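Structure record follows, encoded as structure tokens.
The values are calculated or read from the model by the stated rules, or taken from the named source; none is laboratory data. None of these values were measured; they are calculated from a predicted model. Counting neighbours? That spans all protein chains shown, and the Cβs are built from the backbone with ideal geometry, glycine included. Calculation scope for accessible area: heavy atoms of the full protein, side chains included, ligands and nucleic acids excluded. Shrake-Rupley method; radii C 1.70, N 1.55, O 1.52, S 1.80 Å.
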Amino acid sequence: MIRHWRAAALAFWLAAFAASLAFLPDLGAIVRQRDPNMLPADAETIRAAEALRQIRPERRAKAEAVLVFARNGGLTDADRQWLNGEIEVWRQHADEWGIAYVSADEAVESKDGSVRLLTVGLRESALSAVSRDALKNLRERMQNRPAGTEAYWTGDAPIFIDLQDSAEAGLHRTEALTVALVIVILLIVFRSPVAPLVPLATIGLAFVISRGLVGLAAERWDLPVSNYTQSFLVAVLFGAGTDYCILLMHRFREELSRGRDVGDAVRATLRSVGKTVVFAALTVLIAFSLIGFSQFGLYRSAVGVSIGMAVALTAVLTFAPAVMALLGRRLFWPVRVETGRGHRESRFWDRLGALAVRRPAVVLIVALAVTLPFASTYRDQRSFDQLSEIDPSFESVQGFQKIEQAFGSGEIFPVTAVVRVPQSLRSPEGIAAVERVSAAVAQADHVVKVRSASRPAGVRIEELSAENRLDAVRRGVDEMAARMQEQQPKVGELAGAIGRMSTETRRASDGLAAAADGLGRLRGGAEQLGQSAAALGSSFDALLKSHPELANDPRVPALSQGLRQIGEGARSLANGIGEAQTGVRSAADGLGRLADGQRQAADGAAQLENGLKETVDALKRVSSALADVRAEGWNIPPEAWNRPELQKAFDVYLSPDGTIARFDLVLDVDPYSKEAMRLVDDLRRRVAESVRSAGLRDAEVTLAGIAAQNAELDDVTREDFRRTGAWVLFGIAAVLALMLRSAAAPVYILLSLGLNYLVTAGLLERIFVDVRGEPGLSWAAPFFVFLALTALSVDYGIFLLARLKEEQAAAASGVGDTGAEAVEPIRRAMAKTGGVITSAAVILAGTFSAFLPSGVVPLMQIGSGIVVGLALYTFVFLGFAVPALIRLQTRR
């Protein structure tokens, strides 16, 4: 029966291996095209990026590459002309190469003219084959650049591609080194060239099939995958899977040494340790499955390991026993398995067990005294600097460094604030509001400049600013005041001249009035003379009548005639004088009125002089007040609204309907630094407050950019760590409780696992932060170290506790090994499983140590953490703390 089962198992696995190679997708090819971060779809930076795409919908770019074109000493006109010609070639091949746009008209040049930046948008995601080919073509074109110039491609697409390529190259080194280390360790453990074939063949088949199944799940059901998926598949399957094979093979050799035939030995092995293998694998499988509760896609990409563990467990329980049954005792060649001589117990672990049994309290106190200081110093310092994770020789890193030197790193990776409002901002009032927001945010700490629709170059357009218009008004007021002040003395002189003229006219009027009075008196005299002459004539006529004889004297008539003429002449003179008097009187009155008018004119001129003085003083006060006014926003005349440069800025920073505005906040700190991440919340708050102050109601403010994405990544991953970590611990506790039928044992294991992680993390910080000078542990390292240590270290606890349970049952029944004491099952369990645990830990540590030469900083830190953590857990916690706790508990 065992023979038929063996043949069926071998045939099944070989067929599955062939089918996987023939029909299942290549996981590596899928990973190369997946988003490396995979934040949740409702993440702020994801929503902001979607809104930004609506600003320039015609571009349709999913990734960008930035060309750094430079020449020491300054670019020449010939350099710029050559680059412009290249840009035209790129545009001609845009559809063929997968280029969405080339922003030549938005190119930025350093102040010294030595570096020029321009952005090329790519139609597909950064890691897609199309984007890779596009960058390849662009790089080839730049090989023909003018002598003496330099060209680098950086930005999100080149950086992500370099990260991916670096990780993939590290993965290939890890795979080869892992297999080599497993072979060497197995040769040392079993001292047989045949024995290593069982775990290698078993896990090799499981690994190939698992890669195909995970790739299928990613392709069909969008299972998140990443480089971590591949790295952990290699390490976990070859580490834990080999451990399970070692456990089976050790027990198989033990059963053979008891005189069983091969078939019985295989069955006894599966009955005795098969359950242990199942529960050990279940902890790993469940732990990696529970990562599915994470929000962050990169964490969830490790779920694929659970698929691999399920395949590996099945292969360990079916294919490995079939090979063991096929080879029998030849499995351990050239070592002979003799009846009655099983594998030797570990004297080292026997001594550890004896110490824990005799002095459990002291052992526990010492173990805690050694480990707690390291755990208490753990600061959870994490780094999000992806560039530091890449070899500095990569082009994208060199290009970024060139930009830092010429512009500052914030120039290429600003924090981008996206403001969505109900109303359109494509109006003079809307742009004025944009300028008020830009001016307010530009005052924030560490903000060098703000690029926006009102500030496309990062500085205010002075000629259209409200302050500039206010300055023009102030200058006009000052000019008017100066002119009025200049005329003020002339008005005073005019008032004085008119006043003097009025005085002279008044004098002339008074003289004419006196003359009129004289003429009146003269007229009265003439009238009296006429009356006297008339009276005299009448008297003379009466005399002639009474003395007619006088008429004969010729002198008498002549005298009478003379008197009449005198009377008539006097009357005529009186009439003439009366008319003259009337004319003179009229002239005097006219001059009087003229004098009054002149006086009024003089008074008016004096008032005008005083009014000018008051007006000049008022204008000076207005000018002073205007100088104290701080105007914000724009004042756009209608004739300037349609200027091409303004409309171009609007198209770059406003959506076509004007409801989405973009603000690029250029910082004076490295966008990958922790300081930049700490600024994100303050910048978001400052933008929101500025938007409200600008009168934009019901606005939604979101942030994008490296610093904003890293800050959000920090929040999401920390929350995922807490939530997922709790689920993983709960799942492991459930498996332990189900297996051991004990409430206390799972507590011991979980406490030891938790403390082991804290100690390991503290040591990692000492190594990489304090010694190597890194800014912190790579943000993903603590999570994956916790996950791997927790899920894999617990296997060794299961190995020990399963054997302990077996020894306790044997001691209770009195059928244990000769000399075994019922009070010492702990010591016996440690002596019998210690060698297996050590071998398994060395193999698992060996597989993860293959991460160290990968050259990928996160993998190096994860590998170091797991190697250190496995050593601590194996020899400190399982060797001292856990046995001491169990012994203390059994004393009650």
Checklist entry - Looking at this structure, is Trp90 modelled with pLDDT of 90 or more, under 26 Å from Gln647 (Cα atoms) and assigned to a helix (DSSP H, G or I)? => result yes
Item to check | Within the stretch 251-329, helices (runs of 4 or more DSSP H) holding 1 or more residues that are at pLDDT below 85 and over 56 Å from the mean Cα position of the chain (by Cα) | outcome: 262-289
Next on the checklist: Name the residue that is nearest to Val421 (Cα to Cα), counting only residues in the stretch 686-701 that are under 15 Å from the mean Cα position of the chain (by Cα) and open to solvent by 10 Å² or more (accessible area, probe 1.4 Å).
Outcome noted: Val701
Checklist entry - Quick check: anything in the stretch 275-293 surrounded by fewer than 21 Cβ atoms within 10 Å (Cβ to Cβ), of a type in the set (D, E, K, R) and at positive phi? => result no
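Matching residues to (1) closer than 28 Å to Phe413 by Cβ; (2) without any contact (Cβ under 8 Å) to a residue 40 or more places away in the chain; (3) in contact with a Phe, Trp or Tyr (Cβ under 6 Å, 6 or more places away or on another chain):
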{"position": "Ala157", "(1), (2), (3)": "yes, no, no"}
{"position": "Glu168", "(1), (2), (3)": "yes, no, no"}
{"position": "His172", "(1), (2), (3)": "no, yes, no"}
{"position": "Ile185", "(1), (2), (3)": "no, no, no"}
{"position": "Val189", "(1), (2), (3)": "no, no, no"}
{"position": "Phe207", "(1), (2), (3)": "no, no, no"}
{"position": "Tyr228", "(1), (2), (3)": "yes, no, no"}
Checklist entry - Restricting the stretch 414-435 to residues that are of a type in the set (D, E, K, R) and surrounded by fewer than 22 Cβ atoms within 10 Å (Cβ to Cβ), which is modelled with the lowest pLDDT? => result Glu429
Item to check | Number of the exception - Ala442 against (1) at pLDDT 90 or above; (2) more than 19 Å from Glu411 (Cα to Cα) | outcome: (2)
Next on the checklist: Exactly one condition in (1) farther than 20 Å from Ile706 by Cα; (2) of a type in the set (Lys, Arg); (3) open to solvent by less than 60 Å² (accessible area, probe 1.4 Å) is false for Arg34; which is it?
Outcome noted: (1)
Item to check | Filter result for the condition that a residue is part of a helix (DSSP H, G or I), in contact with a Leu (Cβ under 8 Å, 6 or more places away or on another chain), crowded, with 23+ Cβ neighbours inside 10 Å and assigned by the TED database to the domain that holds Leu364, over Val769, Val785 | outcome: Val785
Checklist outcome for this item: Given (1) in contact (Cβ under 8 Å) with a residue 60 or more places away in the chain; (2) not in a loop (DSSP other than H, G, I, E, B), Asn137 misses just (1)
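Matching residues to (1) modelled with pLDDT of 85 or more; (2) closer than 15 Å to Asp243 by Cβ; (3) charged (D, E, K, R):
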position	(1), (2), (3)
Thr847	no, yes, no
Pro853	no, no, no
Val856	no, no, no
Gly863	yes, no, no
Val868	yes, no, no
Tyr873	yes, yes, no
Ala881	no, no, no
Thr890	no, no, no
Item to check | Residues satisfying the stated conditions in the stretch 110-128, i.e. under 19 Å from Ala78 (Cβ atoms) and surrounded by fewer than 18 Cβ atoms within 10 Å (Cβ to Cβ) | outcome: Asp112, Gly113
Checklist entry - So, in the stretch 735-746, of the ones that are surrounded by fewer than 20 Cβ atoms within 10 Å (Cβ to Cβ) and in contact (Cβ under 8 Å) with a residue 12 or more places away in the chain, which residue ends up farthest from the chain's Cα centre (by Cα)? => result Leu740
Next on the checklist: All but one of (1) in contact with a Leu (Cβ under 9 Å, 6 or more places away or on another chain); (2) surrounded by fewer than 19 Cβ atoms within 10 Å (Cβ to Cβ) hold for Ser131; state the number of the condition that does not hold.
Outcome noted: (2)
Next on the checklist: Gly212 - would you say it is on the phi < 0 side of the Ramachandran plot, in a helix (DSSP H, G or I), open to solvent by less than 50 Å² (accessible area, probe 1.4 Å) and among the small types (Gly, Ala, Ser)?
Outcome noted: yes
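So that you can scan it fast, the table gives a plain yes or no per residue for (1) surrounded by fewer than 20 Cβ atoms within 10 Å (Cβ to Cβ); (2) out of contact with any strand residue (DSSP E or B) (no Cβ under 9 Å at 6 or more places or on another chain); (3) not in a helix (DSSP H, G or I):
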{"position": "Ala157", "(1), (2), (3)": "no, no, no"}
{"position": "Phe160", "(1), (2), (3)": "no, no, no"}
{"position": "Ala176", "(1), (2), (3)": "yes, yes, no"}
{"position": "Val179", "(1), (2), (3)": "yes, yes, no"}
{"position": "Ala218", "(1), (2), (3)": "no, yes, no"}
{"position": "Gln230", "(1), (2), (3)": "no, yes, no"}
Checklist entry - Residues in the stretch 747-760: is at least one surrounded by 20 or more Cβ atoms within 10 Å (Cβ to Cβ), in contact with a Pro (Cβ under 6 Å, 6 or more places away or on another chain) and within 24 Å of Gly879 (Cα to Cα)? => result no
Checklist entry - Pick from the stretch 367-398 the residues that are open to solvent by less than 20 Å² (accessible area, probe 1.4 Å) and farther than 30 Å from Trp153 by Cβ: which of them is farthest from the chain's Cα centre (by Cα)? => result Ala367
